[in-house]
Amino acid sequence: MNPSEVPPKPEADPLTHLAHQLGERVKELNCLFGISDIVERAGGSLDRIFLQTVELLATSWNHADVACARIVLKEREFRSRSYKEPVATLEADLVVHGAREGGIEVSYWEPRPPEDEGPFLKEERRLLNAVAERLGHVIERLTAEERIREKEEEFREKMTHFTRVSTMGEMASSIAHEVNQPLTAIATYAQACSRLVDAGLVEAPEVLDVLERIGEEALRAGDIIHRLRGLVRRQESEVVECDVVRLLDEISALASVDARLNGVDLRFVLPADSPPVRVDAVQIQQVVLNLIRNGIDAMVDTPMDRRNLVVRAGSVSGGGVKVDVSDMGCGIPDTSDKSLFQPFFTTKEAGLGLGLNISRSIISAHGGRLWFSRNPEGGTTFHFTLPKANEAGDE
């Protein structure tokens, strides 16, 4: 007899056959339950699901001592640790959305007695088909969930950009005023320079001084436009380590002009330094500008001598940074507590109701928290926290 051949196994008595059938059913149920448990614990990772599934399959077959398993999905392959060159293989297609995308194989790398399908039992064929069908559905579900997450992120980025542009639109007069100041100065200095030239004082020190001032104001105007472009343009989120004090300082001039034109005394109370944070700088500046703008709007009916808006920043215990934006406005009604951060909820006559919702989502995405409190003397304070750089990086 050829050593590679295995003689057929003898006929079993009915009771033994029934016990064997029952054992196979139990093994089949255990395998399917095990795969369900793997899927539940995998956290949405197909790689983890496949790697654990091939190990489970290799131990679930009749001759587990010589069994190995393999899953192929498109260009990717996952093998059990016991994988060797097979001599007999049982295969099932992985079908995703009606199309074959790969397959599952359970193999023996040593000959075993013939059963219903080569050395494999008909119950094993049924089990492999069930596993393949289950994994096909898992792939469909996880792929759909990933697409939904991508669409949600794309929508969030679009809405973030939209609210940023909307805030800039509300501040249009302030922006025009901010840009107009250096342009007016340039025109004034240019006229002075022209008069000096007409007077024959081309080489006078005053001419050089005026030209230097023109250059400074031109740089100032360019810097304002550069900062505005950074706030308004749509760009990929870029998370970098930076200083919150510097971020607030960069928008203080623009915010102060907007406040001044609305009769509001805006003060920035900033520490000399603060713990570094890992953030998208433009998005955090957007949150602060939105909170400042809300504070300005809340004080429309506040007496002029009480229109005070304060932005504070400081460290929090355990690391990280906390920013407070406090106004002396009309306050927030008790009935609005649960709705305030919901999309499309607004207390403004012309508001979109997106600013606070987007702001909270931005802060949450950075690992922080945004909330509000009512001031004892009237008005509202919005607070948000950001974790320190190493904590944000660990998440």
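Identify all residues within the stretch 258-307 that are more than 25 Å from Ala365 (Cβ to Cβ) and touching a Leu at 6+ places or on another chain (Cβ under 6 Å); write none if there are none.
Passing the criteria: Ala259, Val264, Leu266.
Quick check on the stretch 53-70. Is at least one of its residues surrounded by 13 or more Cβ atoms within 10 Å (Cβ to Cβ), of a type in the set (Ser, Thr, Tyr) and part of a strand (DSSP E or B)?
Scanning the stretch 53-70, I find no residue that is surrounded by 13 or more Cβ atoms within 10 Å (Cβ to Cβ), of a type in the set (Ser, Thr, Tyr) and part of a strand (DSSP E or B), so the answer is no.
Please identify the pairs in which a residue from the stretch 52-77 that is in contact (Cβ under 8 Å) with a residue 40 or more places away in the chain has its Cβ atom under 7 Å from the Cβ atom of a residue that is surrounded by 21 or more Cβ atoms within 10 Å (Cβ to Cβ) and acidic (Asp, Glu), counting only partners at least 6 apart or on another chain.
That search, which allows pairs on different chains as well, returns Trp61/Glu124; Asn62/Glu124.
Before we move on, is Ile139 under 24 Å from Ile71 (Cβ atoms), under 24 Å from the mean Cα position of the chain (by Cα) and at pLDDT 85 or above?
The answer is yes for Ile139.
Might you let me know whether the stretch 83-103 holds any residue that is under 19 Å from Phe33 (Cα atoms) and exposed (fewer than 13 other Cβ atoms within 10 Å of the Cβ)?
no
For Glu250, indicate whether it is more than 18 Å from Ser326 (Cα to Cα) and out of contact with any Asp or Glu (no Cβ under 8 Å at 6 or more places or on another chain).
yes
Could you grab me the full set of residues in the stretch 319-333 that are assigned to a loop (DSSP other than H, G, I, E, B), in contact with a Gly (Cβ under 7 Å, 6 or more places away or on another chain) and buried (at least 17 other Cβ atoms within 10 Å of the Cβ)?
Result: Asp327, Met328, Gly329.
Does Leu261 satisfy the condition of being more than 16 Å from Val316 (Cβ to Cβ), buried (at least 21 other Cβ atoms within 10 Å of the Cβ) and not hydroxyl-bearing (Ser, Thr, Tyr)?
Judged against the criteria, Leu261 is not a match.
Can you go through Gly355, Gly319, Gly351 and tell me which one is at positive phi and modelled with pLDDT under 85?
Gly319 is the lone residue from the list that is at positive phi and modelled with pLDDT under 85.
The values are calculated or read from the model by the stated rules, or taken from the named source; none is laboratory data. Since we're looking at a predicted model, the values are computed, not measured. We place every Cβ from the backbone using ideal geometry, glycine too, and count neighbours over all the protein chains shown.
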